[in-house]
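Take a look at the structure set out below.
The values are calculated or read from the model by the stated rules, or taken from the named source; none is laboratory data. This is a predicted model, so every value here is computed, not measured. Note that we place each Cβ from the backbone using ideal geometry, even for glycine, and neighbour counts take in every protein chain shown. Each accessible area value is taken on the protein alone, full model and side chains, heavy atoms only, with ligands, DNA and RNA left out. Shrake-Rupley method; radii C 1.70, N 1.55, O 1.52, S 1.80 Å.
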Amino acid sequence: MSAKEEQASGPVMVLSCPISLDYAYSAGQSASRFLRAIAEGKLLGQRCPVDGRVYFPSRGSCPMHGVTFGDDAVELSDKGTIVTFSIVRVPSQNIALPLPYITVNVLLDGADTILIHVLDAKLEDVHMGMRVQAVWKPREEWTTSTANILYFRPIDEPDAKYETYKEHI
Amino acid sequence: MTKPATAALTAPHHLSYTYKRSLGKVLSAFFTALRDRRFLGIRRANGSVLFPAKEYDPDTSESLSELVEVGPTGIVTTWVWVAQPRRQQPLAHPFAYALVKLDGADTPFLHVVDAGSESKMATGMRVRPRFCDVPKGAIDDFVFEPA
Ligand SMILES: [Zn+2]
């Protein structure tokens, strides 16, 4: 008796019960502007009119003050500083790097909020304050998606000073 | 018509979880029997039979173990007609969701009656199961049809 036939005649021990939900997601005005910009390789944040902090990605209103951001956008660099990191050893979907890989909180230059992404570096090299830059897909593959950035990669710059990112830890 | 550049972007978003559950003694017996085209209920201390079989008495919480074969025919105790089935529903053509009490069981359970048209449905009607060609031990191995 083959293993498959045996499976078909032995007791049923496990029930597969997948759940799936289909949504039509609307990005809204502010995230749509952010996504249209990233389709052109630009990273847009927005500045709070109350305290001047720059939120990235851009969003409709300030979560601290509740004020709307209006139409002013701030273009950010694709370079930044690693605030924290973690080594991932379990597989996940839609990650451009092989296991084990490094997931990082990056503070983009000019932003006051962190971006969670992945880093292509030797596990023993990654550290807080490390300077990194985005690695983009080939230009012809850019769409209105954050997936245009494949991952971050270390760059040859001195580490950022702790004071410049400590509030984001 | 092209949308203005300021229209909000939209995209399909599919969220799914590939859950599997282990069945334990009672439900393993229930689904194994179903794969063999048989229906198992379970007897309570008061003598009544629950279908589908479950591990515990819903009133007293005591463990249950005496499996009882019921059906395969039964009666419709109440029903609703689904005139326009949606994509994830069990049948692509119109059908009824019905509470069906299998012969020998004391509780009805919710399932599909493939009756062809609403005019064939009636409370109290008798139904029989129609199994798929290769049952795998799942509740959608069968639908009911008028007996
Ligand atoms: Zn603010």
If you average the alpha carbon positions of region A:115-166 and of region B:41-112, how far apart do those two centres end up, in angstrom? 56 Å
In deg cm²/dmol, rounded to the nearest 500, the helical mean residue ellipticity at 222 nm of chain A, built from -39500 (n - 2.57) for every DSSP H run of length 4 or more, is -3000 deg cm²/dmol
No solvent, one uniform scatterer per C-alpha: report log10 I(q)/I(0) for chain A via the Debye equation at q = 0.08 1/Å, two decimals. -0.35
Summing -39500 (n - 2.57) over the DSSP H runs of n ≥ 4 in chain B and dividing by its residue number, what mean residue ellipticity at 222 nm do you reach, to the nearest 500 deg cm²/dmol? -2500 deg cm²/dmol
If amide H atoms are built 1.01 Å from N in the plane of the peptide, which residues on other chains or at least 5 residues away come under 5 Å of the amide H of residue B:8? none
Inverse mean reciprocal Cα-Cα distance (Kirkwood Rh) of region B:89-129, Å: 11.1 Å
Karplus 3J(HN,Hα) series, Hz, for region B:57-66 with 6.51 cos²θ - 1.76 cosθ + 1.60 (x for Gly, Pro): 5, x, 8, 9, 6, 6, 5, 10, 8, 8
With a 1.4 Å probe and all protein chains left in place, how much accessible area per residue does region B:1-105 have, in Å²? 61 Å²
In µm²/s, what is D for region B:11-57 at 25 °C and 0.890 mPa s, where D = kT/(6 pi eta Rh) by Stokes-Einstein and Rh is the Kirkwood radius from Cα pairs? 191 µm²/s
Radius of gyration and Dmax over the Cα atoms of region B:24-146, both given in Å: 14.8, 43
Would you kindly give the portion of the calculated P(r) for the protein assembly as shown that falls above 39 Å, as a percent of all Cα pairs? 45 percent
To the nearest 10 degrees, how steeply does helix A:28-38 sit against the main Cα axis of chain A, on a 0 to 90 scale? 90 degrees
Roughly how many debye, to the nearest 20, is the charge dipole of chain B about its Cα centre, given +1 on each Lys and Arg Cβ, -1 on each Asp and Glu Cβ, and no other charges? 500 debye
Could you tell me the total accessible area buried at the A-B interface, probe 1.4 Å, in square angstrom to the nearest hundred? 2200 Å²
In whole percent, and with a 1.4 Å probe on the protein chains, what portion of the accessible area of region A:24-76 is carbon and sulfur? 51 percent
Over region A:78-169, give the accessible area per residue in Å² for a 1.4 Å probe, as an integer. 58 Å²
Scalar couplings 3J(HN,Hα) for region B:32-38 by Karplus 6.51 cos²θ - 1.76 cosθ + 1.60 (θ = phi - 60°), nearest whole Hz, x for Gly and Pro, are 5, 5, 4, 4, 8, 6, 10
Along region A:48-60, what does the Karplus equation 6.51 cos²θ - 1.76 cosθ + 1.60 (θ = phi - 60°) give for ³J(HN,Hα), rounded to whole Hz, x for Gly and Pro? 6, x, 8, 10, x, 5, 9, 9, 9, x, 5, 9, x
If I take R0 = 25 Å and measure r between the Cβ atoms of residue A:90 and residue B:14 in this structure, what FRET efficiency does the formula 1/(1 + (r/R0)^6) give, to the nearest 0.05? 0.70
Of A:110, A:66, A:15, farthest towards positive along the dipole that unit charges on Lys, Arg, Asp, Glu beta carbons give the protein assembly as shown: A:15
Considering all projection directions equally, how large on average is the shadow of the alpha-carbon convex hull of region A:24-76, in square nanometres? 3.7 nm²
Give me the one-decimal nm value for the distance between modelled label points at residue B:62 and residue A:16, 7 Å along each residue's Cα-to-Cβ direction. 3.9 nm
Between residue B:68 and residues 5 or more places away or on another chain, which pairs have amide H atoms under 5 Å apart, with H built 1.01 Å from N, and which residues are they? B:41, B:42, B:43
Could you sort A:16-25, B:75-84 so that the peptide with the highest average Cβ count within 10 Å comes first and the rest follow in order? B:75-84, A:16-25
Is region A:55-134 best put as rounded, prolate or oblate by its Cα gyration tensor, with a ≥ b ≥ c the root eigenvalues, rounded for a/c under 1.5, and otherwise prolate when a/b is larger than b/c, oblate when not? prolate
